[in-house]
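Participant: I'd like to ask some things about the structure below.
The values are calculated or read from the model by the stated rules, or taken from the named source; none is laboratory data. Quick caveat, the model's predicted, so the values are computed rather than measured. Cβ placement follows ideal geometry from the backbone for every residue including glycine, while neighbour counts extend to all protein chains displayed. Just so you know, the surface numbers come from the protein's heavy atoms only, side chains and all, with ligands and any DNA or RNA stripped out. Shrake-Rupley method; radii C 1.70, N 1.55, O 1.52, S 1.80 Å.
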Amino acid sequence: MSDQVNERELLEVLAAETKVDPKLIELVLKHEQTFINKAKANAKGEVDIDNDDLVDYIVAQRDVKLDELTVESILDAEMDYLMDKGLAGYID
């Protein structure tokens, strides 16, 4: 996660929005980071992440006991948070 993101604030916002235990959210975000770190950047240095592949990867992890919908809602709420902070966006 970026140094510009306050992790505690992020977890609080995501827990409030999704009603999911912050420890479970932290686990989802950890696996998300692993997935992103393994992704290859294109010529512009951008990493294009397919949301369905990301959700499938996270749900497949042994320590994740959440369904796809819950994982998606966590990731969507995280993206909203990061976009509000100007730290992320979607590539058209």
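Participant: Looking only at the stretch 35-68, count how many residues are surrounded by 13 or more Cβ atoms within 10 Å (Cβ to Cβ) and of a type in the set (D, E, K, R).
Facilitator: 1
Participant: When you look at VAL47, is it touching a helix residue (DSSP H, G or I) at 6+ places or on another chain (Cβ under 7 Å) and farther than 22 Å from LYS85 by Cα, yes or no?
Facilitator: Details: touching a helix residue (DSSP H, G or I) at 6+ places or on another chain (Cβ under 7 Å): yes; farther than 22 Å from LYS85 by Cα: no.
Here the answer is no, as VAL47 does not meet what is asked.
Participant: Follow-up. Report, ordered by the first and then the second residue, all pairs with beta carbons closer than 6 Å, sequence separation of six or more or different chains, a first member in the stretch 26-39 that is over 13 Å from GLU7 (Cβ atoms), and a second member that is in a helix (DSSP H, G or I) and open to solvent by 40 Å² or more (accessible area, probe 1.4 Å).
Facilitator: PHE35/TYR57
Participant: Tell me the helices (runs of 4 or more DSSP H) entirely within the stretch 1-63 that contain at least 2 residues that are farther than 17 Å from MET79 by Cβ. Before you say what the answer is, go through the steps one by one.
Facilitator: Working: elements: 7-18, 22-38, 51-60.
The qualifying helices (runs of 4 or more DSSP H) are 22-38, 51-60.
Participant: I would also like to ask the following. Inspect the stretch 76-84 for any residue being aromatic (Phe, Trp, Tyr), in a helix (DSSP H, G or I), on the phi < 0 side of the Ramachandran plot and open to solvent by less than 40 Å² (accessible area, probe 1.4 Å) and give the result as yes or no.
Facilitator: Let us first name the residues in the stretch 76-84 that are aromatic (Phe, Trp, Tyr), namely 81.
From the residues that got through so far, the ones that are in a helix (DSSP H, G or I) too are 81.
From what's left, on the phi < 0 side of the Ramachandran plot: 81.
Going one step further and asking which of them are open to solvent by less than 40 Å² (accessible area, probe 1.4 Å), we end up with 81.
Within the stretch 76-84, one or more residues are aromatic (Phe, Trp, Tyr), in a helix (DSSP H, G or I), on the phi < 0 side of the Ramachandran plot and open to solvent by less than 40 Å² (accessible area, probe 1.4 Å).
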